[in-house]
Structure formats: C-alpha cells, structure tokens
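Colleague: Handing you a structure now.
The values are calculated or read from the model by the stated rules, or taken from the named source; none is laboratory data. This is a predicted model, so every value here is computed, not measured. Positions of Cβ are generated from backbone atoms using ideal geometry, with glycine treated the same way; all protein chains shown enter the neighbour counts.
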Amino acid sequence: MGRWFILGVIVLGIVIFGFSLIDTGTSGDVAASAVIFDTGSSSEGYTRALTPLDWQFPRDFGAHPDYLTEWWYYTGNVATADGRRFGYQFTIFRRAIVPPSDSSAGDSEWRSNQLYMAHFAVTNVLDGAFYHQERFSRGGAGLAGAEVDPVYRVWLEGWQVIGLDADATRTQITAATDQVALDLVLEQVKPPALQGDRGLSAKSEEPGNASHYYSLTRLLTSGTITIGDQTFAVSGASWKDHEFSTSALGTGAQGWDWFGLQLDDERELMVGQIRLNDGAGQPGRDPYFGGLLVYPDGSTQYLRAEDFNIEATATWTSPHTGATYPAGWIITVTPQSGDAFTLTLTPQIADQELHGGGIAYWEGTVRITGDATGYGYAELTGYADSMTGRF
C-alpha cells in the first residue's frame, strides 16, 4: 500500500546521522571512500504516477529509478507436513536521494543516488514468537540493488530475491539473522493483478497522488524456515506487491489498514483503507483507495471503496510502544457483480509489531473464517506514529 512512508522517514534519519551499518574499513576490492548525496523532501525532478503504464513483464519486475520510492514486498503463510504454521514478511525498499538528472557519476564505487532498506520478519505461531530485523545499505559497490538482466534480482547484501528462470515465474528468497533464516522457492501461478485503474492506484483526489502497483497474489511456496537450531520443511502460499511512486499520501492521512488475503477457494482479495484525521470523504476514510478481487482463473474485479467495509472487532495494546491496534476484523464485500461475502480475520498471534526502527507498525499473519476460509496478512500504520506531515 503506502509503505514508502516507512522508508522515507527512515531515509531522512540515515542521511542526517550517517550510515552506521556500513564499515568502509573492511578488507576487499572496493577501494574508494564513501560518497552519499544529501536529500530533502522535494519531489521535483521525479516522474509522477499520472496515467496507467504499458506494463511489460519481466521488465517491470525490476527498478524504476525515475520514481522517488519503490518497494518489493513478499508475505507468506506456510506450514509443515504436520500442520505447524509460520508466517513471514520480506520487503526491500528503494529511495532515491536526488533525481536521475541531478546525479553525478563520480569515480567512487560507493557513490550512489539510491538508498535501500529491508525488513525481514518471521512469525512462529505455535510458540507465539515474532522475530524481526531491518537493514540499510546504498545502491553503490554492489551492496544493494534491483535488476532484471541477466535475471530478476532484488537484494540488500546477503538478503535477496532472485529469479530462477528467464521470466522470473520461479523465484527464491533467502535471508538470515542470528535467530531465524528463510530459504523459499516461489512459483507464480496467476498473471500479475493490476491494482486500481490498470495498475494506477490512486491514494487521494489530487492527480499524481498515486502509485503504479501490481500484485502476484498466489505464489506456491516451498522450502525451509530455520529458528534457532531447528529447521522446518514448509509449504504454502506467498503474496508479492510491487509499487513505485513519487507522491506521498494526501495531507489528511493518519495511516492505513491493508489486507492481502488468500482464500482456500483459490480467490484472493486486497482491501484497504486510508484513515483520515480530518473527517474528509467517508467518515475517517479516504474514498479514493479501493481494492481488488482476484478469481481462480486470474481475472480480476476492481472494488470501489464503497464496495467493502472493514470493521474492527478487538484491540491489542503494544508493550513495546504503547500503541493500541485493531486486533480482529469483519470485512464485508459487496462487489458490483457476483455475490456478497463476509470474512472474519483473526491475528494468528497478537504481537506482530515491528518496532525499534524509524516507524513502528503492525504487520502480521491472520486467519480467515466466515463465508470463505484461508490465511493472509494485515499491515497497520499510523497507530504508534501519525503519518500526517511526514513529507
């Protein structure tokens, strides 16, 4: 959804306080001092999302550096053969520091006008444990990047997603921390689902306050998750979002609630709401952001904001930040064609808050019951830190 907010706030901190995670004194073949550009909040000089793209895949799996911000977001729900469940999130963000036209090539391998950040989290449902870590790097010296030639690859140092075939219909995610590790192969079984108007996803009434946005809503998944000294063979399904934009959300945005849901009947559903702090549009909700229903054959139906309703049914207060989040939902969908249905969402564990970084937010696995069953992911921002005025 609007995850560029998370990246943008952290990027400003990196530029002000420096790259504490990069050690330029280590041995190796890179023999240049680190050079990094200053940045500000201006979007001048970048391309804005104003009209739908002529999408071409796998080309558009790669980076779009003419836009200020971009991210590649993967979540999944997997289980062992005996039913032990896990969830994971793996996201790599790109943020430009200066527009491409202002960049200077220089003579340093470290020189870059792109910053990268990655978030990696694993939910161990049985033990009620949640592990998360974030990392930062720059686009120079091969430390981080996104490319499609010779194969699709998005990486930040040792964490990466890489294509296993020319069309990137099979990919592999590998990431590890001191506590957990992920090694999964993902197989695309449906075509890219274009969000909004042919992939142009509006975030407010202002033209250009939008992103280019597609999803791969069902990726068959198998591999291993390691927690401590235990390695589990798992299988299940993953979801990929890829979004790039220059504009931020509207000035009244407090935060957002986003849901990517995979139903056992082979449908997928994306719904979300941008919560407003000024009561514009529908009470507390921006009417310009909608959703998408994906059918078993890969065809899609756009959902207007008035085609669905999200009702919180419980709350959870974080012991880390003191923020109170919704902790259960009833989602009612009344599409313009087809039957209405109602889903009940329950977090698989309560504490799935990513905290200790630039912005605290809740991102976690949920179980689906009601008129359909399944699993999915929810993302909740603006509860610990308001997004208003961040850019």
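Colleague: I'd like the full set of residues that are under 19 Å from the mean Cα position of the chain (by Cα) and more than 30 Å from D286 (Cβ to Cβ), limited to segment 189-235.
Modeller: Across segment 189-235, the qualifying residues are L220, T221.
Colleague: Just give me the residues in segment 119-130 being in a strand (DSSP E or B) and small (G, A, S), in sequence order.
Modeller: A121, A129
Colleague: Here's a follow-up. Considering every residue within segment 77-89, establish whether at least one is in a helix (DSSP H, G or I) and within 18 Å of the chain's Cα centre (by Cα).
Modeller: Taking every residue of segment 77-89 in turn, none turns out to be in a helix (DSSP H, G or I) and within 18 Å of the chain's Cα centre (by Cα).
Colleague: I'm trying to understand the selection: among the residues of segment 226-273, which are touching a strand residue (DSSP E or B) at 6+ places or on another chain (Cβ under 9 Å) and of a type in the set (D, E, K, R)?
Modeller: K240, D241, E243, D257, D264, D265, E266, R267, E268
Colleague: Within segment 364-380, is even one residue farther than 23 Å from A237 by Cβ, assigned to a loop (DSSP other than H, G, I, E, B) and touching a residue at least 24 places away in the same chain (Cβ under 8 Å)?
Modeller: Checked segment 364-380: no residue is farther than 23 Å from A237 by Cβ, assigned to a loop (DSSP other than H, G, I, E, B) and touching a residue at least 24 places away in the same chain (Cβ under 8 Å).
Colleague: Then there's this: Show me the strands (runs of 3 or more DSSP E) entirely contained within segment 131-233 in which 3 or more residues are of a type outside the set (F, W, Y), modelled with pLDDT of 95 or more and more than 30 Å from R48 (Cα to Cα).
Modeller: Correct list: 170-176, 180-188, 210-227.
Colleague: Would you mind stating whether D286 is of a type in the set (D, E) and touching a strand residue (DSSP E or B) at 6+ places or on another chain (Cβ under 7 Å)?
Modeller: In short, yes.
Colleague: Shifting gears a bit: Can you tell me which residue is surrounded by the most Cβ atoms within 10 Å (Cβ to Cβ) among those in segment 234-261 that are touching a helix residue (DSSP H, G or I) at 6+ places or on another chain (Cβ under 8 Å) and not in a strand (DSSP E or B)?
Modeller: Only one residue fits best here, namely L249.
Colleague: Run down P287, P335 and say which single residue is free of Cβ contacts under 8 Å to residues at least 24 places away in the same chain and within 29 Å of P207 (Cβ to Cβ).
Modeller: One residue alone meets the criteria, P287.
Colleague: From D286, D351, D339, which residue is within 16 Å of G382 (Cβ to Cβ) and acidic (D, E)?
Modeller: Matching residue, one of D286, D351, D339: D286.
Colleague: State the number of residues belonging to segment 24-80 that are over 27 Å from E205 (Cα atoms) and either of a type in the set (D, E, K, R) or at pLDDT 95 or above (or both).
Modeller: 15
Colleague: Same structure again: Tell me which strands (runs of 3 or more DSSP E) are completely within segment 280-351 and hold 3 or more residues being exposed (fewer than 15 other Cβ atoms within 10 Å of the Cβ), or say none if there are none.
Modeller: Ranges flagged: none.
Colleague: Determine if segment 374-390 includes at least one residue that is modelled with pLDDT of 95 or more and of a type in the set (S, T, N, Q).
Modeller: Checking segment 374-390: not a single residue is modelled with pLDDT of 95 or more and of a type in the set (S, T, N, Q).
Colleague: Right, next: For segment 130-145, does any single residue satisfy the condition of being of a type in the set (S, T, Y) and under 27 Å from T365 (Cα atoms)? Working first, answer last.
Modeller: Within segment 130-145, the subset of a type in the set (S, T, Y) is 131, 137.
Next, from what is left, pick out any that are under 27 Å from T365 (Cα atoms): 131.
Yes, that holds for at least one residue.
Colleague: Going through segment 135-167 one residue at a time, which ones are under 24 Å from A378 (Cα atoms) and surrounded by fewer than 19 Cβ atoms within 10 Å (Cβ to Cβ)?
Modeller: Once the filter is applied, which keeps residues that are under 24 Å from A378 (Cα atoms) and surrounded by fewer than 19 Cβ atoms within 10 Å (Cβ to Cβ), segment 135-167 yields only R135.
Colleague: Still on this model: Only one of (1) touching a Ser or Thr at 6+ places or on another chain (Cβ under 9 Å); (2) within 27 Å of S204 (Cα to Cα); (3) not basic (K, R) is not met by I368, so which one is it?
Modeller: Failed condition: (2).
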